[in-house]
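Visitor: Dropping a structure here in structure tokens format, bear with me for questions.
Rule-based calculations on the coordinates, nothing more; no lab input. This one's a predicted model, so the numbers in the text were calculated from it and none came from an experiment. Note: ideal-geometry Cβ built from the backbone for every residue, glycine included; neighbour counts use all protein chains shown.
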Amino acid sequence: MPKLPETLTIGEVAQRSGVPHTALRFYEERGLISSERTAGNQRKYRRAVLRRLAFIRTAQRVGLSLEEIRDALEKLPDRRTPTKSDWARLSHTWRAELDARIDALHRLRDNLTVCIGCGCLSLKTCYLHNFDDQMAVLGPGAPRLKPAAEGGID
């Protein structure tokens, strides 16, 4: 079996990871991944970037923002690739936030039959009724669906 290369081109990373070239450049601009440049200014990625990309995509699938993911990755020593134990530790720290999101989704689901997201056309029965826009001081969106930690009303 031939030895695997230590570095990969952007095309090879895109093919192996399933992440489009444009997303790779975007992730690099945001500091989530890094590359080295050849004398001809071609991007070269260390093979370990594939695991880092898997980490990023999985974290996105559970609803984390790129900023939250970047912050987590920056806590790793020497910008190393996350390990299984890193994922276990980091995912534990995200549990409370994910539980709050799940709670908000449950509340939305349970009130969905009478709720149309507070552009309200069902003012007589709406659980979210906002008479005279009194909730405008709480900011945009539907504050009764947001968790209290995000400025919502429980």
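Visitor: Expected output is a single nm value to one decimal: the length gained when fully extending between residue 99 and residue 28, i.e. 0.36 nm times separation in residues minus the C-alpha distance. What is it?
Guide: Details: separation 71, 0.36 × 71 = 25.56 nm, distance 2.98 nm.
Separation in residues times 0.36 nm, less the Cα-Cα distance, equals 22.6 nm.
Visitor: Mind listing the Cα extents of the stretch 7-94 along all three principal axes, in Å, largest one first?
Guide: Per principal axis, max minus min of the Cα coordinates gives 42, 24, 20 Å.
Visitor: While we're looking at this one, here's another question. So, counting K/R as plus one and D/E as minus one, what does the shell of residues with Cβ under 10 Å around residue 8 add up to? Show your work: numbers first, answer last.
Guide: Numbers: positive: 16, 43, 44, 46, 47; negative: 6, 12.
Spelling it out: positives minus negatives among the neighbours equals +3.
Visitor: Next up: In whole percent, what relative contact order does the stretch 7-94 give with Cα contacts below 8 Å and a gap of six or more residues? Spell out each step's value before the answer.
Guide: On the way: 67 pairs, mean separation 22.5, N = 88.
The value is 26 percent.
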